[in-house]
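Below: the structure, in structure tokens.
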Amino acid sequence: MAKAECTPKWNTLALRNRKTCPTPEKSFQTTFTPVSKDKNSQTAGHLAGGDTQSSNGPSGQFLARESIESPSKVLLMLVAGLSFSTRLYMITEPPHVCWDETHFGKMGSYYINRTFFFDVHPPLGKMLIGLAGYMSGYDGTFPFIKPGDKYENQNYWGMRGFCATLGSFLPIFAYLIVLELSNSCTAAIIAATLLIFDTGCITISQYILLDPILMFFIMAAVLSMVKFNQQRYRSFSASWWLWLVLTGINLAGALGVKFVGLFVIILVGLNTIWDLWRLLGDMSLSLVDIAKHFLARAFALILLPVILYVTIFAVHFVVLNKSGPGDGFFSSAFQSRLIGNNLHNASMPEYLAFGSTVTIKNLRIAGGYLHSHWHLYPEGVGARQQQVTAYLHKDYNNLWVVHRQQDNNSQSGNPDLVRHGDIVRLEHKETTRNLHSHLHEAPLTKKHFQVTGYGINGTGDANDLWQVEVCGGRKGDPVKVLRSKVRFLHRATGCVLYSSGKTLPKWGWEQIEVTCSPYLKETPSSQWNIEDHINPKLPNISLSVLKPNFLEILLESHIVMFRGNSGLKPKDNEMNSKPWHWPINYQGLRFSGVNATEYRVYLLGNPVVWWINLASLGLYLTMVAVASIATQRGFSLGQQRIGGGLLMLGWLLHYAPFFTMGRILYFHHYFPAMLFSSMLTGLTLDILFRSADLLLHPPYSYWFQRAGQLLLLFSILYSFYLFHPLSYGMTGPLAHEPGSAMADLKWMDSWEF
């Protein structure tokens, strides 16, 4: 067994006559090695990752692995040292809130204080950030109000350091993954170098963000999957179970941080289907053996991740047991479990009555509270009357007073109850205007009618009258607080009060549109419940019986997250980008500072790294095409197998779906795909360099390879030297201003540093 392949491969004088270290069969692999003419070869299976095995079998694989361990361990230590040093360097700078630290740092504080909040992402990443802050002495008191706020004496370094530590593992994981897939130390070190010296990867790892945590679990899942694939000859051994279970654990971790973790779940799922299909064709296995393989994978890759994912939410709900800013996104029953919420262990009148002051909550998830304020609809948007919206947070402007069609000012003892079929007038408590509708079209939902606030101090017109309908009720049934689903039918037009779920423009304070729908079908958007209920003339009852069970709050949480994710809007003065921008490094993202006097950090990839990655994607596809044609024409492609197909699929799964998403997108969404692209580049360039002997004879082929490798390394390092201020901070004039040290580095007009 020759050791030329995995001893330092910079020496390739013996490339033509060497034996390649055999590797275990991989899923979604593509073969490409220097070709030689062989009319009788049977190599079609190698191109698509077929089932052809090396004749050396598992013993040959063991010898191959033994031959790479010594140099690969040294290189791994070098990769680890460089990765940690570049990520942890200047970790406390700048000493103020940067970009989305204002969100995720604040959410870490919420966990420390056990205060309930709402976020569009699953909770694991924020829980880990909060835990890191707590363990490092942070007390959860910093408000994280806006970017630029000084940390002063707060222990923020623990949360940043935790994220940077996880980000430091990304080049290490890339090195190990590529080494497993290619058995090539050169390919592995190229992939790791691309990530170590990428300014974008450094920047996104150094702050209190979810991205380094997400990418840690994605890469850990891929590494575990690849390691598991290596155990195919040791089925059901301890190491086989270890890597299989670790794959499932990391899948749960990825999905528990962000829903885009679903992409790596799909990748592992496709790999598993391919693996099971191969096992089904192995005639040495009985159907019982195949069933055992299936059940083992079903347990470790489906059941275990589901259990862990649900457990993450169970911990989330146990820890966040105090009322907070997220209450209003959830149902009244959900809120009743939160300590400090007005519904927790509360008591209030059981039945709605005339004269009561109430809040009215839409039953659509994240449908909001019926709300009004002094602001008017702008010119050209229906009648210029007072705005009525739905608001997701508890607020004094959510209060309404329930009046009869015409008040009789009766001072009798017990007030009359509101019943199914009664006509009511809802007066906004703060502005004293009535809930009103008319035939003007709604602001966003053009087939619906506008809802406004009209009149003053109880005076108005016939368009202020609404008929109460208890869903599933009969005439005369009372309205139960919290429990009755109620609809409000407009008497004059016949439409029904409706929360569309659409977000109004800035003139509507980005609150939710409320309309009057002519479509009378019962839906959660047209159903409401009475939440807060104040009437001192009525007896109170306890609301403790309304608390939901765990599965109910788990389901509600996911519905709220999905709807919140699809409705994300860009922040003021913040750049957003399109997916086609990302691979070309078209536009960066400001993390800190906007002028010459501020400490500026700018998220932008190392241009040489990103453009080499882009070129390598095309080069890889060209290689596959050439290999396919050569195979079809009867050329032998040898026995070397690389995992390019797996990495290309990983890149596509983490990139292509963003073209279909309607939500706002940002540059940082590309970084998981960039990890796969960098690993694919390592494999592709390694094959390219080793193909030099097709054109050149030794020693010229060796010189060509060494020159190419040194040129690649120099280009990456020099570009990192030029652009490292983007990651570690810069001051002084902006790149487009006179006297700027960065002026010559503005290679694209779209870069704004």
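Assorted remarks:
- Ser109 part of a helix (DSSP H, G or I), touching a strand residue (DSSP E or B) at 6+ places or on another chain (Cβ under 9 Å) and either in contact (Cβ under 8 Å) with a residue 24 or more places away in the chain or open to solvent by 20 Å² or more (accessible area, probe 1.4 Å) (or both): yes
- Subset of region 92-106 [open to solvent by 10 Å² or more (accessible area, probe 1.4 Å) and either of a type in the set (Asp, Glu) or assigned to a loop (DSSP other than H, G, I, E, B) (or both)]: Thr92, Glu93, Pro95, Trp99, Asp100
- Residue match in region 320-334 (condition: surrounded by 13 or more Cβ atoms within 10 Å (Cβ to Cβ), hydroxyl-bearing (Ser, Thr, Tyr) and assigned to a helix (DSSP H, G or I)): yes
- Just so you know, in region 454-476 the residues that are among the aliphatic types (A, V, I, L, M) and open to solvent by 50 Å² or more (accessible area, probe 1.4 Å) include one that is nearest to Gln386 (Cα to Cα), and it is Ile456.
- Among the residues of region 277-307, those that are surrounded by 13 or more Cβ atoms within 10 Å (Cβ to Cβ) and touching a residue at least 60 places away in the same chain (Cβ under 8 Å) comprise Arg278, Ala296.
- Complete set of residues in region 581-601 that are touching a Gly at 6+ places or on another chain (Cβ under 8 Å) and modelled with pLDDT of 90 or more: Asn585, Val601
- Some residue of region 266-276 being surrounded by fewer than 19 Cβ atoms within 10 Å (Cβ to Cβ) and not in a helix (DSSP H, G or I): no
- Subset of region 608-661 that is among the aromatic types (Phe, Trp, Tyr) and surrounded by 22 or more Cβ atoms within 10 Å (Cβ to Cβ) - its residue that is modelled with the lowest pLDDT: Tyr620
- Here Arg491 qualifies as in contact (Cβ under 8 Å) with a residue 60 or more places away in the chain and over 43 Å from the mean Cα position of the chain (by Cα).
- Candidates are the residues of region 662-684 that are hydrophobic (A, V, I, L, M, F, W, C) and more than 15 Å from Leu170 (Cα to Cα); the one that is surrounded by the fewest Cβ atoms within 10 Å (Cβ to Cβ) is Ile664.
- Any chance Phe488 is closer than 17 Å to Gln386 by Cα and not basic (Lys, Arg): no
- Index of the failed condition, Ile190 passing every other in (1) surrounded by fewer than 24 Cβ atoms within 10 Å (Cβ to Cβ); (2) farther than 23 Å from Val268 by Cα: (1)
- In this entry, Tyr391 passes the filter for residues that are in contact with a Gly (Cβ under 9 Å, 6 or more places away or on another chain), under 22 Å from Asn341 (Cβ atoms) and among the aromatic types (Phe, Trp, Tyr).
- Listing of strands (runs of 3 or more DSSP E) fully contained in region 486-558 that carry 3 or more residues being open to solvent by less than 20 Å² (accessible area, probe 1.4 Å) and not aromatic (Phe, Trp, Tyr): 486-490, 496-503, 512-517, 528-534
- Breaking point among (1) at pLDDT 85 or above; (2) among the acidic types (Asp, Glu); (3) within 19 Å of the chain's Cα centre (by Cα), for Glu574: (1)
- Residue check for Tyr670: more than 30 Å from Pro95 (Cα to Cα) and assigned to a helix (DSSP H, G or I): no
- Selection count, region 338-359, where residues are over 29 Å from Val318 (Cα atoms), of a type in the set (S, T, N, Q) and in contact with a Leu (Cβ under 7 Å, 6 or more places away or on another chain): 1
- Test result for Ala390, within 25 Å of Val496 (Cβ to Cβ), open to solvent by 30 Å² or more (accessible area, probe 1.4 Å) and not in a loop (DSSP other than H, G, I, E, B): no
- The combined condition, being assigned to a loop (DSSP other than H, G, I, E, B), closer than 26 Å to His438 by Cα, open to solvent by 10 Å² or more (accessible area, probe 1.4 Å) and in contact with a Leu (Cβ under 7 Å, 6 or more places away or on another chain), is not fulfilled by Arg364.
- Which numbered condition Ser286 fails, given (1) modelled with pLDDT of 90 or more; (2) more than 30 Å from Arg234 (Cβ to Cβ): (2)
- Taking region 118-172 as the range and being among the β-branched types (Val, Ile, Thr) and either without any contact (Cβ under 8 Å) to a residue 40 or more places away in the chain or surrounded by fewer than 16 Cβ atoms within 10 Å (Cβ to Cβ) (or both) as the test, the residues that pass are Thr141, Ile145.
- Which listed residue is at pLDDT 95 or above, in a helix (DSSP H, G or I) and touching a helix residue (DSSP H, G or I) at 6+ places or on another chain (Cβ under 6 Å), from Phe263, Phe299: Phe263
- Within region 196-247, being at pLDDT 95 or above, open to solvent by 10 Å² or more (accessible area, probe 1.4 Å) and not in a helix (DSSP H, G or I) holds for one residue alone: Phe197.
- Being among the basic types (Lys, Arg), closer than 17 Å to Ala314 by Cβ and modelled with pLDDT of 90 or more is a property that Lys126 has.
- Taking region 506-531 as the range and being of a type in the set (D, E, K, R), over 23 Å from Gly472 (Cβ atoms) and in contact with a strand residue (DSSP E or B) (Cβ under 6 Å, 6 or more places away or on another chain) as the test, the residues that pass are Glu510, Glu513.
The values are calculated or read from the model by the stated rules, or taken from the named source; none is laboratory data. From a predicted model like this one, the values you see are computed outputs, not experimental measurements. Every residue, glycine as well, gets a Cβ built from its backbone with ideal geometry; the counts of neighbours run over all protein chains shown. Accessible surface is based on the protein model in full, side chains and every heavy atom, while ligands, DNA and RNA are left aside. Shrake-Rupley method; radii C 1.70, N 1.55, O 1.52, S 1.80 Å.
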